[in-house]
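Inspection log for the structure reproduced underneath, given as structure tokens.
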Amino acid sequence: MSEQERSDHVQQTSAAQQPPDDVGSSGPTPTAAEPPAAEETDSDSPEAPEAAAPNETAPPNNPAPPDSAPPDSANSLSDFLDTLDARARTWWATRKERKAQKAAGSAPSPAPSDEEEHPQTGPVGLPKPPPPEVRPEGQLFTGAVPGVGAQTEPEPSNSTPEPAERAAEPAASDPSADDTVVLPAYRDEPQPSNTAAASTAETDTAESNTAESETASSFPARPPRPRRALDEQRRRDVIAQKARAIEYETAAYYGQPARESADDEEDLYTYIPPYNLPSRDPDPEPTRLDLYRRIFVSIGALAAVISTAWLFGWLGADPEAVAILSGNGLHETYAEGWFSGEYALLSPDHNYYWLWPIIVVGLVAHAAFQWTGTQNSTPRQRRSGWLVGSASLLMLGVTAALYAGMLTWVLVTSLLIAMLLVDAVRQFNLHTSRSTAERRLNDGVIGLFFGFALVQAMSSVSVWLTARGWEIPGFPALLWAAAGLFICVWTAAFYSMTERGRITIALGLGWGMFWLIFPRLLTEVTSVWVAIGAAMGAFIVILCTQSRRHWINHAERRAAMGRPLEDII
């Protein structure tokens, strides 16, 4: 008998001799591997050792988990011993038949078929065993099921083997045992291996999904996590910030050019005025303070008219008194002739005061313009009106001090007038004129008054220091005169180049410098350097002002024609 036939016979015999305890279980119940029973062999039978252990099996690859073991270990051991006894009796009763089969084994056996020559080695699907809670208590169910296929290596297990497993261990070391493969023990949820088991896996998956959905439904749904997405504006800000960082790092690495020029084509055609553009906002509502301001400016203009009439001698009580303007009173009569231009280095000729009547006419027009509807509450009039009115009133004090010969009072009032008009011009720069009338009656008139006041302040300081005889050793009078002349010219040039170019400031200064040149060349106190300085100062101030006006007008015309622009001063 061949090895394959003996293996088939052993399996058939084991299946026919199931113990009575297995009856009534749902589905085929696999039995545990049994150790070989003691066999009485005949001394004259040489093949007896070959059939020594027909039912020897290898220990299970994966023993059953502790939860699948019988609850009562004592009953399980008793059932196991009863099964061994029944199997031993059956083996003893069939010993003669086995001997007959061994004797007939010498006859030639038929050729094995293709199926026997190439047995199926793939796994065999088995039905799912019943769950542990519905199994009978007295049933010996270890989970060991015989299967067909290649023998696999047993997996290590940390659980303690059952008595039946310990009994099967000696048989595993016997090389004469049959090559029988034992499938791993069933779990509560086995993994399917065949097509039949695949459907079972799908059912288990559906059940698990149902259980998960029931578990999820028992808890409140988690709100969705808000998505932190950037809007378009924030993205543009981030891009601009990165661009600025890159530009900063690039500029720090390569260095900034000494002077930036309009290289881009767009910059060449963009006109940016070098002064504050006129405000197009509506004027605030007039208040009572605006009314008081206009009255104060009108009083200042009236005081300027009175001072002019006084300079012409129209207000004097004595008709034979010499007037300052018409009678050359400053030459010898009033203030001891200090303002005649013959005794101080920076004092112009007395004819310089002929500009004052022209300024007074402009102040009267300025005061009248304050009462128009467009100038009731404009910001530039609110900030400059009080300054201009105060300067006009102080000019009346200068006239009175000249007649009285009070040099100190002339000095103080002249300096105050110059400082008030500096602030007035600064307010005009902050609030640019909105019309031609504003530019002529406000900026033009006050600019001419400012140029005249600068020369008056310079002359008053020079006369007062010379009359007091103040001298500093090591510093000659010519040096002091040059310093005073430089301050006067620089201040006039600075403010005449503001906005679009204030030509009236340059004209008022030029008038005073013109009448300073002749006394320094023709009188007793001569100084060629002061005369040259006065001439050059007047020329520089007028030149700078005209240059400013020309470049701005030129740039505005080219921008209006759509032509590229040059740099503006």
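The values are calculated or read from the model by the stated rules, or taken from the named source; none is laboratory data. Quick caveat: nothing in here was measured; it's all calculated off a predicted structure. Positions of Cβ are backbone-derived with ideal geometry, glycine not excepted, and every protein chain shown enters the neighbour counts. These area figures cover heavy atoms from the full protein model, side chains too; ligands, DNA and RNA do not enter into them. Shrake-Rupley method; radii C 1.70, N 1.55, O 1.52, S 1.80 Å.
Things to note:
- Nearest-0.05 FRET efficiency for Leu430 and Tyr271, computed from C-beta distance (R0 30 Å): 0.90
- The residue list Gly362, Leu543, Gly373 was ranked by how far each Cα lies along the charge dipole of the range 288-561 toward its positive end, using unit charges on Cβ atoms, and Gly373 comes out on top.
- Cβ-based charge dipole, the range 288-561, positive-most Cα from Trp386, Gly405, Leu478: Trp386
- Packing-based ranking of 421-428, 392-399 yields 392-399, 421-428, ordered from highest to lowest mean Cβ neighbour count within 10 Å.
- Pairwise FRET efficiency - Ile295 versus Trp354, Cβ, R0 = 41 Å, nearest 0.05: 0.85
- For the range 384-496, the Cβ-based charge dipole about the Cα centre amounts to some 180 debye (Lys, Arg positive; Asp, Glu negative; other atoms uncharged).
- Rg [Å, one decimal], Dmax [Å, integer] - the range 288-561, C-alpha atoms: 19.2, 65
- Size of electric dipole in the range 270-321: Cβ of Lys, Arg +1 and of Asp, Glu -1, about Cα centre, debye, nearest 20: 180 debye
- For the pair Leu81 and Trp371, label points projected 7 Å from Cα toward Cβ lie 14.1 nm apart.
- Dipole in debye (nearest 20) - the range 288-561, about Cα centre, beta carbon charges: Lys, Arg +1; Asp, Glu -1: 1540 debye
- Virtual spin-label span in nm between Thr523 and Thr287, 7 Å along Cα→Cβ: 4.9 nm
- Only protein heavy atoms count here; on that basis, with a 1.4 Å probe, Ile272 has an accessible area of about 130 Å².
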